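Here's the structure, in structure tokens; my notes come after.
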Ligand SMILES: N[C@@H](CCC(=O)N[C@@H](CS)C(=O)NCC(=O)O)C(=O)O
């Protein structure tokens, strides 16, 4: 059996998703740390031009995109399942929601501290907004 090699960097949310999937399945894997931003000459040579994080390597096979990585890991070890029988579509839809909508908002909020306030300005009371912002700073500073 070929070894699993994850090309990633610590701070990437998509790398965290890949690490969590590997951890959930109890698979052992090797870590190759890649730069968070370009240039990434070694990664691009490996992937044929794909620059994002994370990338899974199994022997000579390269899996770009965590949705594909999820399917490949499911094939590697089916239990515990990422796509429980009968709930495959729900799992895929939830992953898509997290990967696209949630990720977009999380990045915006992370890089633009006032984005949260603007987002909820018309929907929440000033007190609710104040609490949300305070929570955000606590998460960011790791005080949980
Ligand atoms: N759909 C991809 C998204 C991966 C992604 O956007 N990763 C970010 C890091 S969290 C990245 O590499 N961004 C750098 C770039 O787009 O050049 C997946 O599920 O793996």
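Some observations on this one:
- Among residues of the stretch 19-38 that are under 12 Å from residue 70 (Cβ atoms), those with a Cβ under 9 angstrom from a residue that is exposed (fewer than 11 other Cβ atoms within 10 Å of the Cβ), sequence gap 6+ or separate chain, pair up as 22/28; 24/80; 25/79; 25/80.
Table: residues versus (1) under 18 Å from the mean Cα position of the chain (by Cα); (2) within 27 Å of residue 141 (Cβ to Cβ).
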{"residue": "9", "(1), (2)": "yes, yes"}
{"residue": "15", "(1), (2)": "yes, yes"}
{"residue": "18", "(1), (2)": "yes, yes"}
{"residue": "23", "(1), (2)": "yes, yes"}
{"residue": "55", "(1), (2)": "yes, no"}
{"residue": "59", "(1), (2)": "no, no"}
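- Residue check, residue 129 surrounded by fewer than 12 Cβ atoms within 10 Å (Cβ to Cβ) and either at pLDDT 95 or above or farther than 22 Å from residue 8 by Cβ (or both): no
- Residues that are touching a strand residue (DSSP E or B) at 6+ places or on another chain (Cβ under 6 Å), in contact (Cβ under 8 Å) with a residue 12 or more places away in the chain and more than 8 Å from the ligand (Cβ to nearest atom), drawn from the stretch 63-75: 72
- Count - residues of the stretch 2-52 that are under 17 Å from residue 73 (Cβ atoms), out of contact with any strand residue (DSSP E or B) (no Cβ under 9 Å at 6 or more places or on another chain) and surrounded by fewer than 13 Cβ atoms within 10 Å (Cβ to Cβ): 3
- With respect to being part of a helix (DSSP H, G or I), more than 11 Å from the ligand (Cβ to nearest atom), closer than 23 Å to residue 8 by Cβ and at pLDDT 95 or above, residue 91 fits the description.
The values are calculated or read from the model by the stated rules, or taken from the named source; none is laboratory data. Since this is a predicted model, take the numbers as computed values, not measurements. Because the Cβ atoms are built from the backbone with ideal geometry, glycine has one as well, and the counts that use them run over all protein chains shown.
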